[in-house]
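Beneath this line is the structure, given in structure tokens, with notes to follow.
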Amino acid sequence: MISKSNVSKALRVNLLAAGCLLLAIFSGCYSFKDVSIPPDVKTARVNFIENKARYINPQLSPQLTDKLRQKVNNQTRLTLVQGDDAHYDIGGYVSDYSVTTSGISQQQAATNRLTVTVTVIFKNNLDPTKNFESPVSRSFEFPATQSLQSAEAQLTESIIQNMTDEIFNKIFSNW
């Protein structure tokens, strides 16, 4: 006869094993750590991301640059350097920062959309065939009754996080 405690113990062991298996499967599939960095690449330089858009949010460039440096440092094995001899040279500029009306209600603007585009400039100094310049863009909605400055105060953290993720994925993912 099988005791209730043995069944319970076996069930816990099986659930734990299944959980570990799922964790191993999904962490292998969805991990962005060192996704596509060849073993010979050891260093990276993240240059200041200039703001060349017509409208300039003075907080955007320094915060975006800092957050990208943190992400490269924390989520890759690369060593950040300042010199011209970095294996990966990462840079770019804010090429668009614009507001458009995205929703209308009762013949008036109800929702505005802030679109932020960063043109990423990536140089692989070990394999120049991998160099590219490409825009990444995200949009952020806010009520039309809110001024841009007020919306920026609420959206800046989200803008920085999302744009950093977009830039990082553009460089380090094979999607």
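List of remarks:
- Residue match in region 130-149 (condition: open to solvent by 50 Å² or more (accessible area, probe 1.4 Å) and aromatic (Phe, Trp, Tyr)): yes
- Odd one out for VAL118, checked against (1) under 13 Å from LEU60 (Cα atoms); (2) modelled with pLDDT under 95: (2)
- Subset of region 61-79 [of a type in the set (Val, Ile, Thr) and either open to solvent by less than 60 Å² (accessible area, probe 1.4 Å) or outside any strand (DSSP E or B) (or both)]: THR65, VAL72, THR76
- For region 62-94, the set of residues classified as among the small types (Gly, Ala, Ser) and within 15 Å of the chain's Cα centre (by Cα) consists of GLY91, GLY92, listed by residue number.
- Region 85-175 holds strands (runs of 3 or more DSSP E) entirely within its bounds, and those carrying 1 or more residues that are in contact with a His (Cβ under 8 Å, 6 or more places away or on another chain) map to 108-124.
- Among residues of region 80-91 that are open to solvent by less than 30 Å² (accessible area, probe 1.4 Å), those with a Cβ under 6 angstrom from a residue that is β-branched (Val, Ile, Thr), sequence gap 6+ or separate chain, pair up as ALA86/THR43; ILE90/VAL46; GLY91/ILE121.
- Checking ALA44 against (1) out of contact with any strand residue (DSSP E or B) (no Cβ under 7 Å at 6 or more places or on another chain); (2) part of a strand (DSSP E or B), the condition it does not meet: (1)
- Test: residue in region 13-22 that is open to solvent by 40 Å² or more (accessible area, probe 1.4 Å), at pLDDT below 95 and either in contact with a Gly (Cβ under 6 Å, 6 or more places away or on another chain) or assigned to a loop (DSSP other than H, G, I, E, B) (or both): no
- Across region 118-175, the qualifying residues are those that are of a type in the set (Asp, Glu) and closer than 20 Å to ARG45 by Cα, and the one among them that is nearest to the chain's Cα centre (by Cα) is ASP165.
- Selected residue (only one of THR117, THR129 is under 14 Å from TYR97 (Cα atoms) and hydroxyl-bearing (Ser, Thr, Tyr)): THR117
- ILE49 fulfils the conditions (1) open to solvent by less than 50 Å² (accessible area, probe 1.4 Å); (2) free of Cβ contacts under 8 Å to residues at least 60 places away in the same chain; (3) of a type outside the set (D, E, K, R) except for a single criterion, (2).
The values are calculated or read from the model by the stated rules, or taken from the named source; none is laboratory data. Remember, predicted model here, so these are calculated numbers, not experimental data. Note that each Cβ is placed from the backbone with ideal geometry, even for glycine, and that neighbours are counted across all protein chains shown. When the accessible area is computed, the model is the full protein with side chains, heavy atoms only, and any ligands, DNA or RNA have been set aside. Shrake-Rupley method; radii C 1.70, N 1.55, O 1.52, S 1.80 Å.
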